[in-house]
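Okay, so here's the structure we're looking at.
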């Protein structure tokens, strides 16, 4: 902290310290919440869904210009899903591009990917680990699922 005292007047130092403290408090309180859902509930809520393309636009600096890229992966059309919180109470979770799902199999293997890319096909779950290109998970059979957790960031 001595470096700040040398280069900053006292008022600026106190203001900076206060801002850093507020940032630390905000960051510690803005974690992600974890919810869970049964396989049966997931199947019921996916009954009337259909696949749709998830398009992601992003830009990257390329010297003196910006390069624009568009990527698309297939996903579901759910906007909200009813899950259970840590007290086993129903909670309606808004599905966004940052909502992730972690599936624990009976073997202990865990697979994490984006929930909005989750698709049900032939008694299995598939999905993508990224929105930028097709990087699919290995299909998971419904009968192999031990636990399904969703996280909203």
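The values are calculated or read from the model by the stated rules, or taken from the named source; none is laboratory data. This structure is a prediction, so every number in the text was calculated from the model and none was measured. Cβ: placed from backbone, ideal geometry, glycine included. Neighbour counts: every protein chain shown.
Once the range 127-141 is narrowed to residues that are at pLDDT below 95 and not in a loop (DSSP other than H, G, I, E, B), the residue that is nearest to the chain's Cα centre (by Cα) is 128.
Table: residues versus (1) outside the structural domain of residue 136 (by TED's automatic domain parsing); (2) more than 16 Å from the chain's Cα centre (by Cα); (3) without any contact (Cβ under 8 Å) to a residue 40 or more places away in the chain.
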{"site": "38", "(1), (2), (3)": "no, yes, no"}
{"site": "51", "(1), (2), (3)": "no, yes, no"}
{"site": "66", "(1), (2), (3)": "no, yes, yes"}
{"site": "70", "(1), (2), (3)": "no, yes, yes"}
{"site": "88", "(1), (2), (3)": "no, yes, yes"}
{"site": "92", "(1), (2), (3)": "no, no, yes"}
{"site": "97", "(1), (2), (3)": "no, no, no"}
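Residue count for the range 50-78 satisfying the condition of being exposed (fewer than 10 other Cβ atoms within 10 Å of the Cβ), in contact with a strand residue (DSSP E or B) (Cβ under 9 Å, 6 or more places away or on another chain) and assigned to a loop (DSSP other than H, G, I, E, B): 1.
On the stretch given as the range 25-58, residues that are closer than 22 Å to residue 135 by Cα and modelled with pLDDT under 75 total 1.
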